[in-house]
Each structure stands twice: as C-alpha cells, then as structure tokens.
Amino acid sequence: MSKRCIGFIVFLVGTLSAIILSCSTGKQAEKPRLLADSSFENLKLWYDEPAIQWVEALPIGNGRLGGMVFCRPDSERIQLNDDTLWDGGPIDHNNPEALEALPVVRKMLFEGKNEEAEKLAFQKMMGVPRHVKSYQSLADLRIIFPQGREITDYRRELDLDTGIVSASYSADGIQYTEEVFSSAADQVVMIRLTSATPGKLDCTIGMDRQQDSKTTVEGGNKLVLKGRCGDEGMRFQATAEIAAENGQLNPANDTITVSGADEITITVAGATSYTNRASFSADPAARCNEVLDTLRGKAFDTLRSNHIADHRSMFRRLGFTLNSNDPKASIPTNDRLKAVQDGADDAHLAELYFQYGRYLLMGCSRPGCLPANLQGLWNEHMKAPWHSDFHTNINLQMNYWPAEVGNLAECHMPLFDLMDSLVEPGNETARRHYGANGWVVHHLTDVWGFATPADGVCGIWPMGAAWLCQHPYEHYLYSGDKKFLKERAWPLMKGAAEFILDFLVEAPEGTPVAGKLVTNPSHSPENSFFKADGSKSMFTYAATMDIMIIQDLFTNCINTIDTLDLQCSQELKEDLQKALDNLAPLQISPRTGCLQEWVEDYEEPEPGHRHMSHFYGFHPGCQINFRDTPEMANAIKNSLNRRLDNGGGGTGWSRAWVVNFQARFGEGDAAYHHLKHLFQKCTSPNLFDQHPPFQIDGNFGATAGIMEMLMQSHAGEIVLLPALPPVWHDGCIAGMRARGGYEVDIEWSGGKLARAILVAKNSGPVTVRYGEKTVTIDTLKGNHYVLDSTLTLSE
C-alpha cells in the first residue's frame, strides 16, 4: 500500500517527458482571468409555475436559518428551519451490559456462529435507547392573497449568484413581485412583496407548525410562534416582523392582515434554546429580539446588499462554464430536467447543478453553525426520514467532499466542531462498551452527542470517528496549515487512533487471517452475505472497509507525527506502524477477480447493493491507484462493474459515488453516463437529490464528482482533465483548490487542454500531469504559473 501523501511529494514515473522549472518563471502580478463575472449571470433555476410539492420549492439558507420558498401567488408558503431544532435531549445511551458481552460476541464470530453473535449483540450491545430523535421543522410562514385572481406572465427563480429566490407575475393585470433570502450577514430571512400599482397589495400573514406550538400577535406588527418539543425538550421561537408602505396592518388573534399597501417587508428571526450537546437552557425569545433589534432602521435594500456581498464573497471564488452559448438556459429548469430524463444532453444543466451544490453547502454549513445533516438544513417533517440525523457510514462524510476542492473550506468547519463535541461522549462509549481508550462513534449521531450503536445490529460499526478523521487531515492537505493540524486535527486523529489500537484483536488459529490484527465485531455498512451453509448475515469481523479506514487513519497519524516533529508521540508512532504491518490483508477473490468485501469470499444476496464500502481505499481514500497498486485497482474496477451489472447505484448518493469512482478510473464517458443517470432517476424538479426520499448527500457527492472529472490531486500530483467527457468539448473552471495549497484554473477547447493557471498558497515543488506528460514546478507562495497545452510554462 502506498502511504497517504502529505504536502506534495514530487515524483515522475512512467511519463513521456519531465521538465523541471524554477520558481523564477512564476509571477506575483495579478493572474489572468479565465472567467468574467458575467459567467455567473445564467446560474438560475427558474420555472413558469409555482411549487406545489415541497421538492419543487426553492431553498434558501444562511447556515443556521433556512427556508423552502414555494412562490405561490394565491397562498404562499415559506417553510422554515433552524439547524439546532432537534427533538430529544442529552441522555446517557451507554449500555452497562455491552463490555461483558463483547468477548462472547467476538468468540462467536471467530467460530462462525454469526446468528448467535447477532442475537446477543442486539440484546446486550446496543445503545439504550437505541434510536435518536428527529431534527424538526421550525415553522411555516403563510401569506394568503385575494383568491380567484387571474394569474399570467408567471416566473419564479433561484439566482445562485445572489442567493435570492424571486417571483413575478400579473394578477388581474397588475404586476407583483416577491423576493426572499436568508442573510448570513444579518441572520434573518427577508421577504419583500411589491405591487407595481400603488395601494394594490393585500394579504393575510400567519405562521403555524404541525405540533407543539402557538402563534400570537405582539405589538400589532409581529407574529410570534413559540413552542417546545414535547413536555421537556428544547424551546423554540420564530418571530416575523411586518412593515407595510402606505398600507394598513390589521392584527387578529394569530394573523395580521395588510391592506392597500405598495410594498410589504417581512423580517423573520428564528432561534431555539439549544446551547450545546449538554444543554438547551438559552432563551429563544431573547435571541430573536436581539437579532431584530440590531436591524432597526435598516432599509430592505441595505440588508439585500449586505446579503449579496457576503454571498458572492464565497460563491464567486469558483466559476465554471461548459460549451458556451448553450441556449437551453432560456428553458424552465424542470423542462430541461425532463428532456435529460428523456435522453437529451444538457451541458449547462450540469454546470448549474454543480454550482447549486456549492450554493447548498454554503446554505447549510457555515462557521458557527451545525454541520449539514442528511437533508442539509431543509426538512419539513416532525419525524424526518432517518431522523435527518448525521449518518457517519458515508452520508455525513459525502456532504463535505466538495468543501475543500470547491473553495469553500470554511464550510468544513462545522463538521470539525461536531467532531470536537463528540470526543467526550465518544470517550465514555469507548470505555464502557469496549474497555478502550480514545473516542468512538458508530454509524450515526445527533446534536446531543450520541455515540453508541443505534437502530439494529448494523449499528455496531465502531468506525465512524476513524472515517470522520480523514476530513480534518484533508483540510490540512489542501491548506498546509500546520497550526490547524496541530491544534485541531491531531487531537481528533490521535484519539480515534487510540481507540482503534485498543479495539483491534488478533485473529485466532483456524480463521482465514490467523495471527493478523482484525476488527471484531465488524460490518460492511448495511450489506449482508451468505455463509457457506446458506445462512444470511451482516455481522462479521475484519470487513475490508474497516481495514482500509484503519490504513488511512494510521498512515495519516504517522505522517502528522513526522510533519509536526512530535517527539512525545514517537511510541505511539511505533505502535501505529506495528499495527499497520500486522493488519489483515486486503484480498482479491480468485473466483471473481473482485476485491473481497469481507474476510471470506462470500456470495451476496444483493450484489448490486447501494453501499460500495470496500472501495474506500480507492475513493475517498488514496491508498489504491493504478500507478502504485494496479492489481488492487483492477480488482476494485471489477467489483464496481459487478455492482453496476446487478443494479448498483440505485440511490442518489450511491450513484454520485459511482461518478467519483469512474472519474478516478479516468473514464470520462462513464462518469458522465452516471451523472446523467443521476439526473434521470434521482433528481427532483428543484434539483434536490433523491435517495428517495430527499437526501442532500447526492447533491454534494455529484458536485465533488464533477470536480474529480476535471482535476485530481490525491496521488502526489495535480492531474488536469483526468476524466473529461467528450460531450463537454469546451469549457473553463477557475478557482478549484488542490492538495498541497494551490488554486487551479483550467481552460479547454475541442476536448483538449488549452491552458492552466496555478496559484501557490505555499512554497514548494508541485508536479502537474496532463495525459502522459508531467511537469514539475518549484513554486513560491503568492506566485501564479501559466501552463499552455503542452505544459510549457509561459513567461
């Protein structure tokens, strides 16, 4: 196995040419601009009909406060979310019987008594209780307009470049407009309604919630929805402050009617009593009032300008165009999606979908907020599918695949904050369930620090923390920030590695990997297998994914110890290396030529299973690639083909993962085929990913997959256009980030590289590859480097 790269390791193997270029050929002057601001103008989802279903509404979000906007001209609905509004509370889920049962379960699994082990583990090793409570909707803001009006010239849109949802239409010949956005700058949702004819804006405004709340009117111009999750859960509040220009406000018990207005502005603040995983003692009313008080006297246009400036400061870091002058932008988004579902190609839709993924990540994961859950931020339910939790056996991690490369590194920070909050409860679970040091998380968690096994026996998968630790290390690889590596990443990685060291056991005589270190118990997430006797199980030891995650974590830890010169951790480094050397090996099936998913070469009841966990070392890991480990890479390719031949990739997020795999294989046509399949089978009219139902991880996974098609940096070099599909014959992407500390712009024409620009954020050598040709540049921090189609450095 090749060791994970740290910094950038320069090597030139198997190339047709290698050119060593000195840093003196770089420039500190302003780099050439491959894309103008006008390239952001057509990034709009738009429709000629209002939303009826929730998956047709358009999302807004500031990281904490989100909304789904329906833009209905008769009865508008804006469904609101606060990222901290979860049912339940902090309780001790640890099972006092787990530690005693552990050695018995392990012995049963080693002896092949899987069914008995599963029954005992379910009885003795699950969390108590074994379920988490759900993330919940905050409120619905409703605006009822006069009924029976004749509506014409209707259009609604989400402008990704401004982060504003808007609608315009004529009602009985009068022009009306609506604008809605969620401002990170001012921490409110803003709604403005206007009439082109003075005095013709009439509506009734209210707020409601499915349960646990009451709405009142305060001060004649405020709607206040207050509630509490159950009898003892967190408290929450949404406050809508209404102002009308040249109109009258008429309050009732729980609504406010506005009549004869030219313009109506609604400012919505939302808050809960959530403080941290151990407390929900804050005052949501005070939080709402504090936000609203800071906005007194500020005009809507000022707040709008604040919002756009903040939004563009992040969004415009990365521009992307495909096959310029594509006329399809003039067609409603749902019609374009339908055309693709009928077989058409639409390059601009892929461009739009890509930037929509970045927009969604900005909207649901900002510094100081909670991380993106299974639905990001947007959920209309009281009991959401899968509780809209943080699922750590791929879904949470997939949410953040586009963060670093997509130039939204600060959006990664909420994930690290969540990890920090899980260390203490994870330590307790490690000690009480496994008698181990360090910290552990299983296949899901929530805002209350849930760390124990959940749901069913498939939840006894103690690899969640180890996988999560790939993310802070990746943040270091992209930034080169040693302070972050030392102060934030290393403590998390060290604790996860300490747990794994204690959790590993030696396989006994008579087992296929006798004498090797293995995980026990173990799963290949959510998948099952047939034993030789025909019985079905999912409970085992030494699943391949476990071994790959451990290789990744331990190698990253060793590299970190060396990078930071941590003399106090030399003994730990020796223990990690010793364990790495004695880990159970990855195995290729002589029967199928595929990489084995389990310690034995089992048949599967579902060979097209949605999880492809045993590919982890190929992606998102980097232990396996065609240059260093060709035999293993080919085995993974065989495994992927077998999955796909049997219907694999049926869910949105699973299909998005396939896009990334095919990009890593360098197969642009195949990657594009699966991206198109994602549009055809797993995408809603508003471009939300469908599991089904809605899960946001497919949006983020596919966004990352598009970047994997255009640039890769996981194997010690920056690879340009590694999997460019022929249908994307012309294009430009500017502002991607590469490991080692580089920003990368790429322009291509006729399917061939035209030029590339690298901006060095750190000093050091970097190798750039295009096809079989490579060039090595000794870069200086702050300089940019322009390469032509032959990788020749421009003077």
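The values are calculated or read from the model by the stated rules, or taken from the named source; none is laboratory data. Note that the structure is a prediction, hence the values are computed from the model and not measured. Positions of Cβ are backbone-derived with ideal geometry, glycine not excepted, and every protein chain shown enters the neighbour counts. With ligands, DNA and RNA removed, areas are computed over all heavy atoms of the protein, side chains included. Shrake-Rupley method; radii C 1.70, N 1.55, O 1.52, S 1.80 Å.
Please list the three semi-axes, largest first and in whole Å, of the ellipsoid equivalent to region 707-795, using sqrt of 5 times the eigenvalues of its alpha carbon gyration tensor. List each step's numbers first, then the result.
Numbers: eigenvalues 82, 34, 27 Å².
The equivalent ellipsoid of region 707-795 has semi-axes of 20, 13, 12 Å.
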Relative contact order as a percentage, the chain, C-alpha pairs under 8 Å and 6+ apart, gives 16
Assuming a ≥ b ≥ c are the square roots of the Cα gyration tensor eigenvalues, decide whether the chain counts as rounded (a/c under 1.5), prolate (otherwise, with a/b larger than b/c) or oblate.
oblate
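To one decimal place, what orientation-averaged projected area in nm² is obtained for the convex hull of the Cα set of region 167-274? Could you put the intermediate results ahead of the total?
On the way: hull surface 31.5 nm².
Taking the Cα atoms of region 167-274, their convex hull projects to 7.9 nm² on average.
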Among rounded, prolate and oblate, which fits region 215-304 when a ≥ b ≥ c are the square roots of the eigenvalues of its C-alpha gyration tensor, a/c under 1.5 means rounded, and a/b larger than b/c means prolate?
oblate
Reachable aspartates and glutamates from K200, Cα under 13 Å, same-chain residues fewer than 8 places away excluded?
D172, E245, D262, E263
Just to confirm, what accessible area per residue do you get for the chain at 1.4 Å probe, in whole Å²?
34
Per-residue accessible area for K200 at 1.4 Å probe radius, Å² rounded to 10?
100
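Per the helix-only calculation at 222 nm, which mean residue ellipticity applies to the chain, given -39500 (n - 2.57) for every DSSP H run of n ≥ 4 and division by its residues, nearest 500 deg cm²/dmol?
Computed mean residue ellipticity for the chain: -9000 deg cm²/dmol.
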Rounded to the nearest 20 debye, what is the charge dipole size of the chain about its Cα centre when +1 sits on each Lys and Arg Cβ and -1 on each Asp and Glu Cβ?
820
Give the whole-number value, in cubic angstrom per residue, of the convex hull volume spanned by the C-alpha atoms of region 108-167.
289
With every protein chain left in place and a probe of 1.4 Å, what is the accessible surface of T294, to the nearest 10 Å²?
80
Take the Cα coordinates of region 564-609, assign each an equal point scatterer, and use the Debye formula without solvent to give log10 I(q)/I(0) at q = 0.16, 0.25 Å⁻¹.
-0.61, -0.91
Dipole in debye (nearest 20) - region 446-499, about Cα centre, beta carbon charges: Lys, Arg +1; Asp, Glu -1:
300
For D293, D153, write out the residues from largest to smallest accessible area, computed with a 1.4 angstrom probe and no ligands counted.
D153, D293
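Let's see if you can work this out: charge +1 on each Lys and Arg Cβ, -1 on each Asp and Glu Cβ, no other charges. What is the dipole magnitude of region 128-252 about its Cα centre, in debye to the nearest 20?
The calculated dipole for region 128-252 is roughly 560 debye.
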For region 511-612, the spread of Cα positions along each principal axis, largest first, Å:
52, 29, 25
Provide the packing ranking of 409-421, 734-746, 239-251, 442-454, i.e. peptides ordered by the mean count of other C-beta atoms within 10 Å per residue, highest first.
442-454, 734-746, 409-421, 239-251
Need the list of aspartates and glutamates near K676 for cross-linking: C-alpha distance under 12 angstrom, and skip anything on the same chain fewer than eight residues off.
D342, D345, D346
Given K482/K781; K113/K516; K483/K781; K486/K773; K226/K383, which pairs have Cα atoms separated by over 27 Å?
K486/K773
For the modelled label position 7 Å from the Cα of Q341 along Cα-to-Cβ, which residues of region 670-701 have backbone nitrogen atoms closer than 11 Å?
679-687
With all pairs of different alpha carbon atoms counted, what Kirkwood hydrodynamic radius in Å does region 347-497 show?
16.0
What percentage of all Cα-Cα pairs in region 121-234 are separated by more than 22 Å?
56
Per the Kirkwood definition applied to all pairs of different Cα atoms, how many angstroms is the hydrodynamic radius of region 264-345?
17.7
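Sort S537, S166, S313 from largest to smallest accessible area, using a 1.4 Å probe on the heavy atoms of the protein chains.
S313, S166, S537
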Helix runs (DSSP H) in the chain reaching 24 Å along axis by Cα, Kyte-Doolittle at least -0.5:
347-364, 544-564
Express the Stokes-Einstein translational diffusion coefficient of region 549-695 in µm² s⁻¹, to the nearest whole number, given a Kirkwood radius over alpha-carbon pairs, 10 °C and a viscosity of 1.306 mPa s.
93
At a Förster distance of 22 Å, what's the computed FRET efficiency of D628 paired with N582, Cβ-Cβ distance as r, to 0.05?
0.55
